[in-house]
1. Here is a list: B:His87, B:His96, B:His43. Which entry is in contact with an Asp or Glu (Cβ under 6 Å, 6 or more places away or on another chain) and not aromatic (Phe, Trp, Tyr)?
2. Determine whether A:His16 is in contact (Cβ under 8 Å) with a residue 24 or more places away in the chain, surrounded by fewer than 21 Cβ atoms within 10 Å (Cβ to Cβ) and part of a loop (DSSP other than H, G, I, E, B).
3. Tally up the residues in region B:68-98 that are touching a residue at least 24 places away in the same chain (Cβ under 8 Å), among the charged types (D, E, K, R) and over 19 Å from A:Glu24 (Cβ atoms), please.
4. Applying the selection to region B:49-92, what residues are acidic (Asp, Glu) and modelled with pLDDT under 95?
5. Provide a single number: the residues in region B:101-110 that are within 13 Å of B:Lys31 (Cβ to Cβ) and away from chain A (no Cβ under 13 Å).
6. Name the residues in region A:19-46 that are crowded, with 20+ Cβ neighbours inside 10 Å, at the interface with another protein chain (Cβ under 9 Å from one of its Cβ atoms) and part of a loop (DSSP other than H, G, I, E, B), would you?
7. For the condition at negative phi, within 11 Å of chain A (Cβ to nearest Cβ) and surrounded by fewer than 22 Cβ atoms within 10 Å (Cβ to Cβ), what is the one hit in B:Val53, B:Val67, B:Val85, B:Val98?
8. Is it the case, given these coordinates, that B:Lys31 is on the phi > 0 side of the Ramachandran plot and among the charged types (D, E, K, R)?
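The values are calculated or read from the model by the stated rules, or taken from the named source; none is laboratory data. The model shown is predicted, which means the values in this text are computed figures rather than measured ones. Cβ atoms come from the backbone with ideal geometry, glycine included; neighbour counts cover every protein chain shown.
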Protein chains: 2
Amino acid sequence: MHKVNLAQKFSLFSEHYKPKIAGEINDAYVKLVKLKGEFLWHHHDQEDELFWVLKGQLRMKFREKGVEREEMIGPGEFIIVPHGVEHLPSADEETHVVLLEPKTTLNTGNVESERTVAELERI
Amino acid sequence: MHKVNLAQKFSLFSEHYKPKIAGEINDAYVKLVKLKGEFLWHHHDQEDELFWVLKGQLRMKFREKGVEREEMIGPGEFIIVPHGVEHLPSADEETHVVLLEPKTTLNTGNVESERTVAELERI
């Protein structure tokens, strides 16, 4: 039951798109992730996901009924992606994001790929 | 499905200890609250609570088996208070905090008082 300093935790790793667990609240994890480049299109059948940007710019693309749009999320901003919605996170420059999502959430959602991280490190 | 700018949302209200709902993820709410002065000792039987400080300093007191201690949480830091743990939030100066907790969580936990806010405003 001690505080967590986010900048200090982010200094402990450098890989991109490998979320780390920084906290546990009820049935959810607080995860830290560094993004750079494009991830992959996916959705989560059951789980809503919150993305809170601390540094950089998160470019979040959405695809609904064949129509794409994107939203840029910067420091001090968050976005919630409801379950079922196809999305593609990307970042031109390194971007630091805090994720909040159920413990059951897989980073690549419905898509299993070499980018899937099933076992997350705790930090 | 649009981003939320936290500073903009915090500019919309000024009361202390009246959390506002700024987002909904699965069974949890993202709430914004301004703190100043001392709240009251309470605990939550079932729900863990996350306190993330954006501005100011949150002084969180804990009481376990009659022993008190406190933790100061500043900008860029969060703390998770597990269910069952007696705590007393306070702030010497105005402090802005993002809360993450289940929708069922009442601000005063096990203690009903004039400070209980049962119906939260959405912002």
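1. Selected residue: B:His43, the only one of B:His87, B:His96, B:His43 that is in contact with an Asp or Glu (Cβ under 6 Å, 6 or more places away or on another chain) and not aromatic (Phe, Trp, Tyr).
2. Spelling it out, A:His16 is indeed in contact (Cβ under 8 Å) with a residue 24 or more places away in the chain, surrounded by fewer than 21 Cβ atoms within 10 Å (Cβ to Cβ) and part of a loop (DSSP other than H, G, I, E, B).
3. 4
4. B:Glu64
5. 2
6. Result: A:Asn26, single match.
7. B:Val85
8. no
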